[in-house]
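Input: a single structure, listed below in structure tokens.
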Amino acid sequence: MGSKFRLIVVNFLQFFVWGSWMMTLGHYGFIEKQWNGAEFGLVFSTMGFASLIMPTLFGIVADKWKANYVYAILHLLFGITMCFLPFIDSPLTFFWVLLIAMCFYMPTIGLNNSIGFKVLKNEGKDPTTYFPPIRVWGTVGFIVAMWVTNLFTKEWGFGQSIKVSFIIAAIMALCLSVFSFIFLPVIKKEEELPSTKKKSLVEKLGLEAFVLFKQKKMALFFVFSLMLGAALQLTNAYGDSFLQDASVFPKGGIINNFSTIILSISQISETLFILAIPFFMKKFGIKNVMLFSMIAWVLRFGLFGLAGNTSIGFILIIASCVIYGMAFDFFNISGALFVEKNTDSRIQSSAQGVFMLMTNGVGAVLGNIIAGLVIAKWFEDPITHLKDWPGIWVSFASYALVVAILFAVSFKYKHNPSEIKNS
């Protein structure tokens, strides 16, 4: 079994265990459990809260020990924790248990990247060229998971409660844990050169990655990671609610009835754009690829804002889902590659953890909280709770546009095509 195939399996399962339950969580909370908006908002925030500390913490642990073992143990603990969710009715208890599960899962996203980069570099392969075709299988896993969950939960399938999605995630996480223990190459900590220099407290605690903030280029990168991270989960939080809003798209219509399937086009699009990343990186450089992502977010939100219950509106929704692939992956993967190229190999996992902290942690939490406050104050009827969806999406698009302009003006990075090897 070659290392490429092993990494493909790991990436497929990594995102399968996420996609099997995340996209149906809203329906589970609002419909099956009858939780109100505030209760569900608390539950949905678990991913962001878990990303505030845990990716960085376990990135440090992985740098000090064996990254593949840390990765496998985290998935084992995640799978065990997910088994408790189907038996919980209280939204507050559900929040705490899901938060624990997310504390185990969210660090594995950054570890998945750093392990993949390390394995490829050990074989003399450039991650910029070789990692995207491997990572694309993670998106395939996410898509397959959505369809498997639909098969189990829809009346035309097995007709089970959506709570079965948590069990599916648990089973596949346990499979991934076993596979990682047995088949992933051992990623040992980087050997340090002998030195008589006394280590600082920061070095002893493994917090060297935070020293990256002293570098202007890295500090700016992490700040923009935070700013864009505020937008990354907004369509996951509000996209399905928008398409299922009967005041916009009447019940019985294609858009309302097949909202989840329509949104899955976004993940299908990811597979195409991930494969295009090596070309774009070589042709345009990391900065421009990240800028393309920000412009794509403007279009993602803007097209939703223009969409209505018409044939043209349906086309705009499909176009928004297609552009999502560039919006999401061009920043996440090029950002991870930027971190890999600009940090010492001894702190790779820690640095990827900081990247996750800024995007899925601080950025996501601030984005969801501020977006909720903005919607409640300016775009929601306080009595009927009907939402001004065009206003919501245009405000999101305006924010993404401001971030893109600031990034284009202030972030300096010289592209050197020779750094990216030909495959």
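The values are calculated or read from the model by the stated rules, or taken from the named source; none is laboratory data. Quick caveat, the model's predicted, so the values are computed rather than measured. Using ideal geometry, Cβ is built from the backbone for each residue, glycine included, and neighbour counts are taken over all protein chains shown.
Return yes or no: is Y105 under 19 Å from I171 (Cα atoms) and either not in a helix (DSSP H, G or I) or not assigned by TED's automatic domain parsing to the domain that holds L357 (or both)? Taking the combined requirement at face value, the residue satisfies it.
For F258, state whether it is in the same structural domain as F314 (by TED's automatic domain parsing) and either on the phi > 0 side of the Ramachandran plot or surrounded by 19 or more Cβ atoms within 10 Å (Cβ to Cβ) (or both).
In short, no.
Please find, within region 284-323, the residue that is surrounded by the fewest Cβ atoms within 10 Å (Cβ to Cβ) out of those that are among the polar types (S, T, N, Q) and not in a helix (DSSP H, G or I).
Of region 284-323, the ones among the polar types (S, T, N, Q) are 288, 293, 309-311, 320.
Applying the additional criterion that residues be not in a helix (DSSP H, G or I) yields 309-310.
Values: N309: 14, T310: 9.
Ranking the qualifying residues of region 284-323, first place goes to T310.
A single member of T128, T81 is hydroxyl-bearing (S, T, Y), crowded, with 21+ Cβ neighbours inside 10 Å and within 19 Å of I167 (Cβ to Cβ), and it is T81.
Name the residue, out of V186, V136, V148, that is within 16 Å of K66 (Cβ to Cβ) and either within 18 Å of the chain's Cα centre (by Cα) or surrounded by fewer than 23 Cβ atoms within 10 Å (Cβ to Cβ) (or both). Break it down stepwise before answering.
Numbers: V136 fails: within 16 Å of K66 (Cβ to Cβ); V148 fails: within 16 Å of K66 (Cβ to Cβ).
Only one candidate qualifies: V186.
As for region 108-125, it holds at least one residue that is among the aliphatic types (A, V, I, L, M), assigned to a helix (DSSP H, G or I) and closer than 30 Å to F258 by Cβ.
Of the residues L401, L373, L337, only one is assigned by TED's automatic domain parsing to the domain that holds G302, closer than 19 Å to M294 by Cα, modelled with pLDDT under 85 and part of a helix (DSSP H, G or I); which? Full working, then the answer.
Details: L401 fails: modelled with pLDDT under 85; L373 fails: closer than 19 Å to M294 by Cα.
Every option except L337 fails the conditions.
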